[in-house]
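Here is the structure we will look at, set down as structure tokens.
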Amino acid sequence: MANPKAQSKQALKAQAKATAGERKAQRKEKRGQIGQVFKLARSSDPKLVWILAGVFLLTLVVVGTLLVWLFQLVFGVILALILAVVVTGAVFSRRAQRAVFAQVEGQPGAPLGVLQGLPRGWISSDTPVAMTRDMDFVHRVLGRPGVVLIGEGNPKRVTQLLLTEKKRVQRVAAEVPVYELVVGDEAGQVPLRKLRSHMVKLPRNLKPAGVTALDKRMRALGTAGAMPIPKGPIPKSARAVKRGR
């Protein structure tokens, strides 16, 4: 008869091995995503490597000199290295994000990549809730502000889509604030690169429990069309940039 203790040890070892394998695969995937973002950013920003190197060295020299003067040599150098890496990473994240937006801006489904990268507390679907055959879309996002409808495409057609979707939302949640945004660079529109910051600045009208209850009511609405639509072209890149930040 097998020893229960021995079997338990073998099971724990197998579990630890599987966990280590999963972590290794996750690290490999993350490195691959960061590498893809770096290649994309470098293709649209040829001076990226020199800029990052300059930021690293400048931060290291300036901060290192100050810290060595204030503290002892070893501690100052170590802290300066850490700060230089952090600052360089922040600069890379911002420029990479700019490069990603430049690549996808104007493409159908581009806002989805931004919406899927919103902070915790926002609920965004993977597909638009309304659309036309001319590739005009309306995306619906739920959060503390209430319901946010984001339109993309021809301004005239999108305005009508937004109005129709707003009426649908108000049929099941008339008391909830509804915000309407149109992605674009024209007057009254929100540029894609500023969409995330614009949304997180909206007033908070609901409590977290209210957002959850609202989500249950919104699920009953479904979508206003059945056309197959493309998903956002940048979800993976956006997630990698977010992790880098």
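The values are calculated or read from the model by the stated rules, or taken from the named source; none is laboratory data. Just so you know, these numbers come straight off a predicted model, no measurement behind them. Cβ: placed from backbone, ideal geometry, glycine included. Neighbour counts: every protein chain shown.
Has segment 189-204 got any residue that is touching a helix residue (DSSP H, G or I) at 6+ places or on another chain (Cβ under 7 Å), free of Cβ contacts under 8 Å to residues at least 60 places away in the same chain and not small (Gly, Ala, Ser)?
Yes, some residue in segment 189-204 is touching a helix residue (DSSP H, G or I) at 6+ places or on another chain (Cβ under 7 Å), free of Cβ contacts under 8 Å to residues at least 60 places away in the same chain and not small (Gly, Ala, Ser).
Quick one: VAL158 ticks every box in (1) free of Cβ contacts under 8 Å to residues at least 12 places away in the same chain; (2) surrounded by 15 or more Cβ atoms within 10 Å (Cβ to Cβ) except a single one, so which number is it?
If we test VAL158 against (1) free of Cβ contacts under 8 Å to residues at least 12 places away in the same chain; (2) surrounded by 15 or more Cβ atoms within 10 Å (Cβ to Cβ), just (1) comes out false.
The conditions are (1) closer than 21 Å to PRO208 by Cβ; (2) touching a residue at least 24 places away in the same chain (Cβ under 8 Å); (3) surrounded by fewer than 16 Cβ atoms within 10 Å (Cβ to Cβ); (4) of a type in the set (Lys, Arg), and ARG133 fails exactly one of them. Which is it?
ARG133 satisfies every listed condition except (1).
Got a sec? Which of LEU81, LEU52, LEU67 is farther than 25 Å from SER197 by Cα, modelled with pLDDT of 80 or more, out of contact with any Cys (no Cβ under 7 Å at 6 or more places or on another chain) and surrounded by 11 or more Cβ atoms within 10 Å (Cβ to Cβ)?
Among LEU81, LEU52, LEU67, only LEU81 is farther than 25 Å from SER197 by Cα, modelled with pLDDT of 80 or more, out of contact with any Cys (no Cβ under 7 Å at 6 or more places or on another chain) and surrounded by 11 or more Cβ atoms within 10 Å (Cβ to Cβ).
Listed residues THR212, THR127, THR164; which is touching a residue at least 60 places away in the same chain (Cβ under 8 Å), of a type in the set (Val, Ile, Thr) and surrounded by fewer than 15 Cβ atoms within 10 Å (Cβ to Cβ)?
That would be THR164, the only listed residue that is touching a residue at least 60 places away in the same chain (Cβ under 8 Å), of a type in the set (Val, Ile, Thr) and surrounded by fewer than 15 Cβ atoms within 10 Å (Cβ to Cβ).
Suppose we keep only residues that are buried (at least 18 other Cβ atoms within 10 Å of the Cβ) and at pLDDT below 90 within segment 177-189. Which one would you say is farthest from GLU152 (Cα to Cα)?
GLY184
Which number in (1) at pLDDT 85 or above; (2) touching a Phe, Trp or Tyr at 6+ places or on another chain (Cβ under 9 Å); (3) buried (at least 19 other Cβ atoms within 10 Å of the Cβ) marks the one condition that GLY109 misses?
Here GLY109 meets the rest and fails (1).
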